[in-house]
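Colleague: Here it is: the structure, laid out below.
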Amino acid sequence: MTDSAYIPPKVWVWDKANGGRFANINRPIAGPTHEKELPVGRHPLQLYSLATPNGQKVTILLEELLALGHSGAEYDAWLIRISDGDQFGSGFVEVNPNSKIPALMDRSGSEPIRVFESGAILLYLAEKFGEFLPKEAGRRAECLSWLFWQMGSAPYLGGGFGHFYAYAPVKIEYAIDRFAMETKRQLDVLNRRLADNAFLAGDDYTIADIAVFPWYGGLVKGWLYNAAEFLSVHEYTHVQRWADSILSRPAVQRGRMVNRISGEPSTQLHERHDASDFETRTQDKLGTKA
């Protein structure tokens, strides 16, 4: 093992030079690092985000709500570049003290309401607009169970497998094996559920699917960590079918574009302030910084 000689110190001390792709934004303390107010647009909902899997959850749901005719779901999506430390600005920390994207401000009422953590935002919006969350007790419980399953499971996929397989400066066999095993177990959980159900909560598409799709759908479609072959994702045929079904939805396609700063330019919309932005985006709107 590459790390067999490591002996943990009696007292851990933060080593700023610990390497890794995200070393420059990771720290063991909270709070802002600099003063920076957040912009506010003209719509009731102000989203501050980036098109990571967690960010995509919210933009997908907002686009789905707009597709159903909920004009109150109009939103401004402001780009937060986490590699530049935008999430540590004072304005962002006021919306999300945890300094993670996405963060939402609902300014539709007399007093602004902040909502942070992607699962909480999905639940808040689903309840606010009465969509994508079953009302019958049993179906609602099933939906919420899968929503919370995702919130508890994804850290093993992203911070666990994804970090050690794709981003860590040193490949550690034990860590990769441990999290690859857990990721495949999670895929098997989903595959078994979807073998007999169109969607995670049953016959209906819900916020559970919207939460799980950017992570596990992205994984089986080969979008995350260049790990599709390593994890043999072709084995999970029911997850593949489910992912293809969700990806065929126009609102999902739009939601995946918002706040995206990587990939083909045609897949990016750095900021979204109006529905027409999808049709009128240009290289100038996309920006030059990626």
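The values are calculated or read from the model by the stated rules, or taken from the named source; none is laboratory data. Nothing here was measured: the structure is a model prediction, and the numbers come from that model. Every residue, glycine among them, receives a Cβ derived from its backbone with ideal geometry; neighbour counts consider all protein chains shown.
Colleague: Being among the charged types (D, E, K, R) and either modelled with pLDDT of 90 or more or in a helix (DSSP H, G or I) (or both) is the filter here, so list the residues in the range 264-290 that pass it.
Modeller: Scanning the range 264-290 gives 264, 271, 272, 274, 277, 279, 284, 285.
Colleague: If you check every pair at least six apart or on different chains, which have Cβ atoms under 8 Å apart with a residue in the range 76-92 that is assigned by TED's automatic domain parsing to the domain that holds residue 112 first and a residue that is outside any strand (DSSP E or B) and aromatic (Phe, Trp, Tyr) second?
Modeller: Qualifying pairs under 8 Å: 80/92; 83/22; 86/92.
Colleague: Regarding residue 161, is this residue assigned to a helix (DSSP H, G or I), at pLDDT 95 or above and either closer than 30 Å to residue 26 by Cβ or hydrophobic (A, V, I, L, M, F, W, C) (or both)?
Modeller: yes
Colleague: Determine which member of the set 208, 175, 227 is closer than 18 Å to residue 56 by Cα and either assigned to a helix (DSSP H, G or I) or in contact (Cβ under 8 Å) with a residue 60 or more places away in the chain (or both).
Modeller: Result: 208 is the single residue among 208, 175, 227 that is closer than 18 Å to residue 56 by Cα and either assigned to a helix (DSSP H, G or I) or in contact (Cβ under 8 Å) with a residue 60 or more places away in the chain (or both).
Colleague: Report whether or not residue 98 is within 23 Å of residue 118 (Cβ to Cβ), in a loop (DSSP other than H, G, I, E, B) and out of contact with any Lys or Arg (no Cβ under 7 Å at 6 or more places or on another chain).
Modeller: Judged against the criteria, residue 98 is a match.
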